[in-house]
Amino acid sequence: MGWATGAAVLAVVGAGAAGYAAGGEPETTGTPTAASADAGFARDMAVHHQQAVEMSYIVRDRTKNTEVRRLAYDIAQTQANQRGMLLGWLDLWGLPKVSADPPMTWMGMGDMPPGQDGALMPGMATNADLRKLGSLSGKKAEVFYLQLMTEHHRGGVHMAEGCVQRCAVGPEKRLARGMVAAQRSEIQLMAEMLKARGAQAGS
């Protein structure tokens, strides 16, 4: 995707490591296990975020609307940086970035039906959705992106709230709280942008 240079990734990983060592709220003693909520959230949200980055770069090339392009850029940059932090924590903990367990196992949702056509977790778009987004242009691309990203954010908020409840590492819980607040705000903004285009988000 070309959304981060090696130096930027190293900076984000370093920030993640520093946050883990510091932190203003009680933290775990010792390193999280591979089966912990902390590791599960980091793995799953990194995958979830990667798709948001991909969708944002697709729409950037499908519309000239400044408002949508600015939102897409902000989402892509924010979620790419957060993804770097999540993967950096997994490296710091010496844990694998993939798991044999189904997605969302750390939230007690490992027995949900397997994701279809690339939609591995709640809110994720299908591969067909991504192909459709890449085939649209102008207002149609804007509306479909805003609808897809609204659902994506709803799924992300659900996951982040799960980390707030279950994760034990202070900096990761704070990052999850920040995700909840930011993505709820963006959901409201996207609802207004859809309304201005005579459309609305899905149920």
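The values are calculated or read from the model by the stated rules, or taken from the named source; none is laboratory data. None of these values were measured; they are calculated from a predicted model. What goes into the accessible areas is simple: the full protein's heavy atoms, side chains included, and nothing from ligands, DNA or RNA. Shrake-Rupley method; radii C 1.70, N 1.55, O 1.52, S 1.80 Å.
General observations
- Segment 96-192: C-alpha gyration tensor shape, a/c 1.5 cut-off, then a/b vs b/c: oblate
- For Lys64, a cut-off of 30 angstrom between C-alpha atoms picks up these lysines, skipping any fewer than 8 places away in its own chain: Lys132, Lys139, Lys140, Lys195.
- Anisotropy class of segment 48-118 from Cα gyration tensor, a/c 1.5 cut: oblate
- Once divided by 2.2 N^0.38 Å, the Cα radius of gyration of segment 155-200 becomes 1.43.
- Per residue, the solvent-accessible area of segment 46-203 (1.4 Å probe, heavy atoms of protein chains only, all protein chains present) comes to 47 Å².
- Of the solvent-accessible surface of segment 79-203, computed with a 1.4 Å probe over protein heavy atoms with every protein chain present, carbon and sulfur atoms account for 54 percent.
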